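Asks: What follows is a structure written as structure tokens; I'll ask about it next.
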Amino acid sequence: MDYFIELFLGGLTRGSIYALIALGYTMVYGIIQLINFAHGEIYMIGAFVALIVAGVCTIYGFTGVSVLIIAAVAAVIYASAYGYTLEKIAYRPLRGAPRLSPLISAIGMSIFLQNYVLLAQTPDFLPFPSLIPDFEFMEPVAHIIGSPELVILITTFVTMILLTLLIKKTKVGKAMRATQQDMNMARLVGVNVDRVISLTFVIGSALAAIGGVLVASYIGQVNFYIGFLAGVKAFTAAVLGGIGSIPGAVLGGLVLGWTESFAAGYISSDYEDVFAFGLLVLILILRPAGLLGKSRKQKV
Amino acid sequence: MLKIKNIQTFYGNIQALKDVTIDIHEGEIVTLIGANGAGKSTTLMSICGITPPRAGEILLDGDPIQNLSPEKIVQRGIVQVPEGRRIFPDMTVVENLEMGAFLRNNKPQVQQDLNYVMTLFPILEKRRNQLGGTLSGGEQQMLAISRALMARPRVLLLDEPSLGLAPLIIKQIFEIIKQINKESNTTIFLVEQNANQALKLADRGYVMENGRITLVDSADSLLANDDVRKAYLGI
């Protein structure tokens, strides 16, 4: 039973990270129907910024959780700026162009950002300090769940609640929903749609950066390519849950995390990806729009 | 108050509006009638800045507004109820109404207006927490008009409010349009295919064909005009 719980919590941790990154894909897709292939790179840049800032903090004598918090805040700010700029230079000029053009622009930005980090840093894996300390109170349950997992779970959980409140309750959240449901109508009631789109990129990037910091600290290494792998998984989660749907991204992330965790635990870790993508294929056959996705009726 | 002067609007290379000139005075109800594809909706979208004209001028109280962004135009008091109602389907009735007041910050006043539109259309009160997409066509039209009123428009642009509705509901909606015009002196620019009803309601009318204005007159004279009767009234 302990083994099952361990796998369950491991899958939950993994899944919540997928969900965090998947939210960025799904929110952007919901508003401008673009798959932002450079989203994974934002996650990777977040991790690198945290690495650099954590190093600087350590030199100046900061210790413990304060380093994690400073590094995470810096990563969020930096990644948000990247997301904002990305939209401005790579996607906004192509608004109104055929849908393939921004998609290609997204792939281009992804390759560009990877190579930029490759040149600015190194192709090798860099060690990432484990910024999450081992809490004493976690010792009795350490064989089931470790401190890093706990921090990841709490952080993602709190972040998602804040995001939900933002979208449901605030004025900008309503503007985002209105823009997603009918962009021109949102314009007609006075929503500055450009600003809403920028904000969506900023929020998505901030979430990706949080994910990047947590994962890098958990796994203990980073390089320029981690964003691609995380991006593919998170994108899968978004599609699994129904791209464009925010609860769908969370559900898709968790389902994917559990599938991988149980497949690795009970069968073989060599096959975890097979099960993950097998599940994706199965769900898309049964529900082409994803678990919570709506097949949009096109009005002509 | 709202002057449209010789505007030319294009979709890509296709010219949808050719030299359109329309003059709307404060407190008037003006209607624009014409067949499908004549350019009526494009006229409204040009006024609202969604498809800005390539040439010509749109003046509000003498100020050019043709280059302003849609949200600036809403802020100036020009608010549209678009064709097909365009209710936000996954928002509740109340949220839709709040979106109408998006640019207003005076909360007590917005609340007051919310109560006002609910007395105007009591059915909205009953449906207040229902999602917009689940309303019937007539209810959606009432919600769309109410949403526009939440912005406290000076000029209300209505695009085919009678489209697809039962005669009884059309009558009710036209009554309310008249009431809005009288009670708060809101200027109304009504685009309609239902020429008979529209001309009965309006003070003046414009007839549009293939992107051009072909006739301008008082509503009564247009109703009596032989060409109009043949082409649009089916008499």
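The values are calculated or read from the model by the stated rules, or taken from the named source; none is laboratory data. Just so we're clear, the structure is a prediction, and the values are computed from it rather than from any experiment. For neighbour counting, all protein chains shown are included, and Cβ atoms are generated from backbone atoms with ideal geometry for every residue, glycine included.
Asks: Going residue by residue through the stretch A:90-102, is there one that turns out to be in contact with a Ser or Thr (Cβ under 9 Å, 6 or more places away or on another chain), loosely packed, with under 14 Cβ neighbours inside 10 Å, without any contact (Cβ under 8 Å) to a residue 24 or more places away in the chain and part of a helix (DSSP H, G or I)?
Replies: Scanning the stretch A:90-102 turns up at least one residue that is in contact with a Ser or Thr (Cβ under 9 Å, 6 or more places away or on another chain), loosely packed, with under 14 Cβ neighbours inside 10 Å, without any contact (Cβ under 8 Å) to a residue 24 or more places away in the chain and part of a helix (DSSP H, G or I).
Asks: Please pick out the residue among A:ALA79, A:ALA54, A:ALA74, A:ALA50 that is part of a helix (DSSP H, G or I), without any contact (Cβ under 8 Å) to a residue 40 or more places away in the chain and of a type outside the set (Val, Ile, Thr). Walk me through it before giving the result.
Replies: Values: A:ALA79 fails: without any contact (Cβ under 8 Å) to a residue 40 or more places away in the chain; A:ALA54 fails: without any contact (Cβ under 8 Å) to a residue 40 or more places away in the chain; A:ALA50 fails: without any contact (Cβ under 8 Å) to a residue 40 or more places away in the chain.
It is A:ALA74.
Asks: Surrounded by fewer than 19 Cβ atoms within 10 Å (Cβ to Cβ) and among the hydrophobic types (A, V, I, L, M, F, W, C): which single residue out of A:ILE246, A:ILE226, A:ILE161 fits that description?
Replies: Details: A:ILE246 fails: surrounded by fewer than 19 Cβ atoms within 10 Å (Cβ to Cβ); A:ILE226 fails: surrounded by fewer than 19 Cβ atoms within 10 Å (Cβ to Cβ).
The match here is A:ILE161.
Asks: Looking at A:ALA230, A:ALA209, can you tell me which residue is modelled with pLDDT of 95 or more and either in a helix (DSSP H, G or I) or under 30 Å from B:GLN80 (Cβ atoms) (or both)? Talk me through it step by step, then tell me what you get.
Replies: Values: A:ALA230 fails: modelled with pLDDT of 95 or more.
Within the list A:ALA230, A:ALA209, the selection yields A:ALA209.
Asks: I would also like to ask the following. If we scan the stretch B:125-132, do we find a residue that is farther than 12 Å from A:VAL189 by Cβ, more than 14 Å from every other protein chain (Cβ to nearest Cβ) and not in a loop (DSSP other than H, G, I, E, B)? Give the derivation first.
Replies: To start, the set of residues in the stretch B:125-132 that are farther than 12 Å from A:VAL189 by Cβ comprises B:125-132.
When the remaining residues are screened for being more than 14 Å from every other protein chain (Cβ to nearest Cβ), the result is B:125-128, B:130.
Applying the additional criterion that residues be not in a loop (DSSP other than H, G, I, E, B) yields B:125-126.
Yes; the residues of the stretch B:125-132 include at least one that is farther than 12 Å from A:VAL189 by Cβ, more than 14 Å from every other protein chain (Cβ to nearest Cβ) and not in a loop (DSSP other than H, G, I, E, B).
Asks: Something else: Can you go through A:ARG187, A:ARG195, A:ARG177 and tell me which one is basic (Lys, Arg), under 15 Å from A:GLU87 (Cα atoms) and without any contact (Cβ under 8 Å) to a residue 24 or more places away in the chain? Full working, then the answer.
Replies: Details: A:ARG187 fails: under 15 Å from A:GLU87 (Cα atoms); A:ARG177 fails: under 15 Å from A:GLU87 (Cα atoms).
Going through A:ARG187, A:ARG195, A:ARG177 in turn, the sole match is A:ARG195.
Asks: Now a separate question. For residues in the stretch A:155-200 being assigned to a helix (DSSP H, G or I) and of a type in the set (Gly, Ala, Ser), which is farthest from the other protein chains (Cβ to nearest Cβ)?
Replies: Of all residues in the stretch A:155-200, those assigned to a helix (DSSP H, G or I) come to A:155-169, A:171-181, A:183-188, A:193-200.
Next cut, of a type in the set (Gly, Ala, Ser) only: A:173, A:175, A:178, A:186, A:198.
Details: A:GLY173: 11, A:ALA175: 7, A:ALA178: 5, A:ALA186: 8, A:SER198: 15 Å.
Looking at residues that are assigned to a helix (DSSP H, G or I) and of a type in the set (Gly, Ala, Ser), I get A:SER198.
Asks: For the stretch B:45-75, which positions are within 12 Å of chain A (Cβ to nearest Cβ) and in contact (Cβ under 8 Å) with a residue 60 or more places away in the chain?
Replies: B:ILE47, B:CYS48, B:VAL74, listed by residue number.
Asks: Condition (residue is touching a Pro at 6+ places or on another chain (Cβ under 9 Å), in a helix (DSSP H, G or I) and surrounded by 14 or more Cβ atoms within 10 Å (Cβ to Cβ)) applied to the stretch A:105-120: is it met by at least one residue? Explain how you work it out, then say what you get.
Replies: Within the stretch A:105-120, the first condition is being touching a Pro at 6+ places or on another chain (Cβ under 9 Å), and the residues that meet it are A:105.
With in a helix (DSSP H, G or I) added as a condition, the list becomes A:105.
Cutting the leftovers down to surrounded by 14 or more Cβ atoms within 10 Å (Cβ to Cβ) gives us A:105.
Yes, the conditions are met somewhere in the stretch A:105-120.
Asks: Any residue in the stretch B:79-101 that's without any contact (Cβ under 8 Å) to a residue 40 or more places away in the chain: show its pairings with residues that are among the polar types (S, T, N, Q) at Cβ separation under 8 Å, as long as the two are six or more apart or on different chains.
Replies: If the second residue must be among the polar types (S, T, N, Q), the pairs left are B:VAL94/B:ASN129.
Asks: From A:GLY253, A:GLY290, grab the single residue that is outside any helix (DSSP H, G or I) and either out of contact with any His (no Cβ under 8 Å at 6 or more places or on another chain) or among the acidic types (Asp, Glu) (or both). Explain how you work it out, then say what you get.
Replies: Numbers: A:GLY253 fails: outside any helix (DSSP H, G or I).
Residue meeting the stated conditions: A:GLY290.
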